[in-house]
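Participant: One structure, pasted below without further comment.
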Amino acid sequence: GAGVSQSPSNKVTEKGKDVELRCDPISGHTALYWYRQRLGQGLEFLIYFQGNSAPDKSGLPSDRFSAERTGESVSTLTIQRTQQEDSAVYLCASSLNPGNSPLHFGNGTRLTVT
Amino acid sequence: QKEVEQDPGPLSVPEGAIVSLNCTYSNSAFQYFMWYRQYSRKGPELLMYTYSSGNKEDGRFTAQVDKSSKYISLFIRDSQPSDSATYLCAMDSGGSNYKLTFGKGTLLTVNP
């Protein structure tokens with residue numbers, strides 16, 4: 001596809017349930033990133049993939065958060081036992097190479113935990 | 001002090017005005033500077049990408065970087081209602097550093 005695709009675009013879930021968010025990066029982009037955007041806040045880095053490996057997971061807020069990438073393509077961000085403070089827009093981005101090429105973002109998944 | 005400071009606005013201007021958006025930063029290792037535009041309920045869209053100090057122009061948009069002052073700017077000439085969006089500055093130090101650091105964004109409204 002032409003850009004980064006994320007699904008679902010919106011997700012409403014009950015507190016305590018698990019959710020999976022999907023990202024399809026731009027074809028050929030080796031680097032993939034997850035960011036979180038809370039209302040009125042800047043983008044918060046969560047995790048970065050180079051190929052299928054995640055060299056740095058330090059941005060994940062707690063052990064309820066995990067992510068994987070397969071085939072150097074699709075990535076899934078999983079949040080277990082969701083809490084209300086997890087409500088945010090989760091943005092995925094990809095870039096040709098890490099560190100010195102610009103990020104291209106998807107439109108995000110808007111997660112609401114009730 | 002936050003690594004990147006950006007006035008959240010909101011900023012409201014009449015159509016045709018020149019808009020100036022700014023960010024300051026504290027990390028002298030930053031070398032790559034970006035401006036993203038984010039429309040409501042959309043992902044950030046890359047507008048300008050610059051390396052080190054200097055100016056870069058693209059149509060109605062001009063990005064300026066002053067590394068000595070740790071200050072970056074985005075100018076929009078002849079602003080249009082379609083420019084109404086949130087503008088985010090972002091920066092990183094390149095190389096093995098892959099984490100973009102973002103400002104909180106400035107909400108701009110251009111009134112017809």
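Participant: Collect the residues in the stretch B:54-112 that are away from chain A (no Cβ under 13 Å) and among the aromatic types (Phe, Trp, Tyr), keeping them in residue-number order.
Facilitator: Hits for the stretch B:54-112 are B:Phe61, B:Tyr71, B:Phe75.
Participant: Condition first: surrounded by 18 or more Cβ atoms within 10 Å (Cβ to Cβ), over 30 Å from A:Ser7 (Cα atoms) and in contact with a Ser or Thr (Cβ under 8 Å, 6 or more places away or on another chain). Now tell me which residues in the stretch B:33-64 satisfy that.
Facilitator: Passing the criteria: B:Ala63, B:Gln64.
Participant: Taking the options A:Gly40, A:Gly16, name whichever one is assigned to a loop (DSSP other than H, G, I, E, B) and facing another protein chain (nearest Cβ under 9 Å).
Facilitator: The unique qualifying residue is A:Gly40.
Participant: Hey, another quick one. For the stretch B:64-90, enumerate the residues that are under 26 Å from A:Trp34 (Cα atoms) and among the hydrophobic types (A, V, I, L, M, F, W, C).
Facilitator: B:Ile72, B:Leu74, B:Ala85, B:Leu88, B:Cys89, B:Ala90
Participant: Then there's this: Of the numbered conditions (1) under 30 Å from A:Tyr90 (Cβ atoms); (2) in a strand (DSSP E or B), B:Thr62 fails exactly one; give the number of that condition.
Facilitator: So B:Thr62 meets the others, but not (1).
Participant: In the stretch B:65-98, which residues are free of Cβ contacts under 8 Å to residues at least 12 places away in the same chain and surrounded by 19 or more Cβ atoms within 10 Å (Cβ to Cβ)?
Facilitator: B:Tyr98
Participant: Going through the stretch A:100-113 one residue at a time, which ones are facing another protein chain (nearest Cβ under 8 Å) and in contact (Cβ under 8 Å) with a residue 40 or more places away in the chain?
Facilitator: Residues satisfying the conditions are A:Leu103, A:His104, A:Phe105, A:Gly106, A:Asn107, A:Gly108, A:Arg110.
Participant: Go through the residues of the stretch A:57-77 one by one and say whether even a single one is part of a loop (DSSP other than H, G, I, E, B) and buried (at least 21 other Cβ atoms within 10 Å of the Cβ).
Facilitator: For the stretch A:57-77, residues part of a loop (DSSP other than H, G, I, E, B) and buried (at least 21 other Cβ atoms within 10 Å of the Cβ): absent.
Participant: Continuing with this model, one more query. Name the one entry in B:Asp7, B:Asp66, B:Asp83 that is among the acidic types (Asp, Glu) and farther than 30 Å from A:Tyr48 by Cα.
Facilitator: B:Asp83
Participant: Inside the stretch A:27-45, can you point out the residues that are under 16 Å from B:Pro44 (Cα atoms) and crowded, with 18+ Cβ neighbours inside 10 Å?
Facilitator: A:Leu32, A:Tyr33, A:Trp34, A:Tyr35, A:Arg36, A:Gln37, A:Gly42, A:Leu43, A:Phe45
Participant: Kindly indicate whether A:Asn97 is under 30 Å from B:Gln31 (Cα atoms), within 14 Å of chain B (Cβ to nearest Cβ) and surrounded by fewer than 16 Cβ atoms within 10 Å (Cβ to Cβ).
Facilitator: yes
Participant: Hey, another quick one. May I ask you to list the residues in the stretch B:1-19 that are surrounded by fewer than 13 Cβ atoms within 10 Å (Cβ to Cβ) and part of a strand (DSSP E or B)?
Facilitator: Across the stretch B:1-19, the qualifying residues are B:Ser12, B:Pro14.
Participant: Identify, please: which residue in the stretch A:67-94 is under 25 Å from B:Gly94 (Cα atoms) and acidic (Asp, Glu) and is, among those, nearest to the other protein chains (Cβ to nearest Cβ)?
Facilitator: Restricting to residues being under 25 Å from B:Gly94 (Cα atoms) and acidic (Asp, Glu), the top hit is A:Glu72.
Taken together, the values in this text are just the output of simple stated rules run on the coordinates, not laboratory data. All values derive from a computational prediction rather than experimental measurement. Glycine gets a Cβ as well: all are built from the backbone with ideal geometry, and neighbour counts include every protein chain shown.
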